[in-house]
1. Just give me the residues in the stretch 1-39 being modelled with pLDDT of 80 or more, surrounded by 10 or more Cβ atoms within 10 Å (Cβ to Cβ) and either touching a helix residue (DSSP H, G or I) at 6+ places or on another chain (Cβ under 9 Å) or over 18 Å from residue 72 (Cα atoms) (or both), in sequence order.
2. Residues in the stretch 89-103 that are modelled with pLDDT of 85 or more and either surrounded by fewer than 18 Cβ atoms within 10 Å (Cβ to Cβ) or over 23 Å from residue 35 (Cβ atoms) (or both): how many?
3. Select from the stretch 45-71 the residues that are without any contact (Cβ under 8 Å) to a residue 40 or more places away in the chain and more than 12 Å from residue 93 (Cα to Cα) and list them in ascending order.
4. Among the listed residues 74, 80, which satisfies the condition of being surrounded by 11 or more Cβ atoms within 10 Å (Cβ to Cβ), under 24 Å from residue 8 (Cβ atoms) and either over 11 Å from the mean Cα position of the chain (by Cα) or modelled with pLDDT of 85 or more (or both)?
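The values are calculated or read from the model by the stated rules, or taken from the named source; none is laboratory data. What you see is a predicted model; the values in this text were computed from it and never measured. Here Cβ is always computed from backbone atoms with ideal geometry, including for glycine, and neighbour counts include all displayed protein chains.
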């Protein structure tokens, strides 16, 4: 019984219910490793957090993935949608190399 409870807790915390990926430019190169943060959206989306990525040297994002898991979904259902936690993972785009044109 103890193993079953541990297994169920792992399923609640690890599994992903759904995710949405947005890619800015599929042909652009990614910069380093993706960064991840958990955000909380309140009041059915009326109060949304602002996610800032100061580590992006190019000041551009390559792709953004938003996902939730079963535990987050249960929190959303238990609060009737008033609270909705999400995991946001983003990857910075590599800076563009500007080559001056000969005159």
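1. 34, 35, 38
2. 1
3. 45, 46, 47, 48, 49, 50, 51, 52, 54
4. So the residue among 74, 80 that is surrounded by 11 or more Cβ atoms within 10 Å (Cβ to Cβ), under 24 Å from residue 8 (Cβ atoms) and either over 11 Å from the mean Cα position of the chain (by Cα) or modelled with pLDDT of 85 or more (or both) is 74.
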